[in-house]
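A.B. asks: Before anything else, here's the structure in question.
What follows is calculated from the coordinates using simple rules that are stated; it is not laboratory data. All values derive from a computational prediction rather than experimental measurement. Cβ coordinates were reconstructed from backbone atoms using ideal geometry, including for glycine residues, and neighbour counts include every protein chain displayed.
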Amino acid sequence: MASPGPYNTRLFQKLGIYDQIKDKIKIIQGKPVAVAVADGEVEIGIQQTNVIQPVAGTQYLGPLPPDLIEYGHFGVAVRNVSKNQDVARELIKFMTSPEAAALLRKTAMEPPER
C-alpha cells in the first residue's frame, strides 16, 4: 500500500487498522503514488482523485466516505504592490465563480463551500 503521508496515517488510525498495516505502508517520493501503482511497485495507492484519474494503468475506485475525506485548502490574494491589481481581482472573481466550479469538477476537484 502506498501513501503520501500524514493524512493516511490519520485515516488508518481513525479506521482502527494502523497497527495491522503500518509495516506494509510504503511512502512514495519523487513521483505520484498513482504512478507507483501503474508501475506495479505497489498494489494499492491512496492519493488525490485528480492525480489518480489521468494515470494510465490505474483504476479509480471512487471517493472515500465523506467522514473520512480531508480537503486541501488553497488561498488566493492580491499583493498590495501588484501592478495589475484589477486583473488579479478579476481572476480571483472567476476562480470563485459557478463557471469555475464546473471546470474544477471536470478535473475531479471540488470547489470551496461558501
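A.B. asks: So which of Lys14, Lys24, Lys93 is surrounded by 10 or more Cβ atoms within 10 Å (Cβ to Cβ) and farther than 29 Å from Glu113 by Cβ?
C.D. replies: Result: Lys24 is the single residue among Lys14, Lys24, Lys93 that is surrounded by 10 or more Cβ atoms within 10 Å (Cβ to Cβ) and farther than 29 Å from Glu113 by Cβ.
A.B. asks: Let me ask something additional. Among the residues of the range 35-51, is any in contact with a strand residue (DSSP E or B) (Cβ under 6 Å, 6 or more places away or on another chain), small (Gly, Ala, Ser), touching a residue at least 24 places away in the same chain (Cβ under 8 Å) and in a helix (DSSP H, G or I)?
C.D. replies: Checked against the condition, which is being in contact with a strand residue (DSSP E or B) (Cβ under 6 Å, 6 or more places away or on another chain), small (Gly, Ala, Ser), touching a residue at least 24 places away in the same chain (Cβ under 8 Å) and in a helix (DSSP H, G or I), the range 35-51 yields at least one hit.
A.B. asks: Let me ask something else about it. So in the range 70-90, with the set limited to residues that are of a type in the set (A, V, I, L, M, F, W, C) and part of a helix (DSSP H, G or I), which one is surrounded by the most Cβ atoms within 10 Å (Cβ to Cβ)?
C.D. replies: Checked the range 70-90; the qualifying residue surrounded by the most Cβ atoms within 10 Å (Cβ to Cβ) is Ala88.
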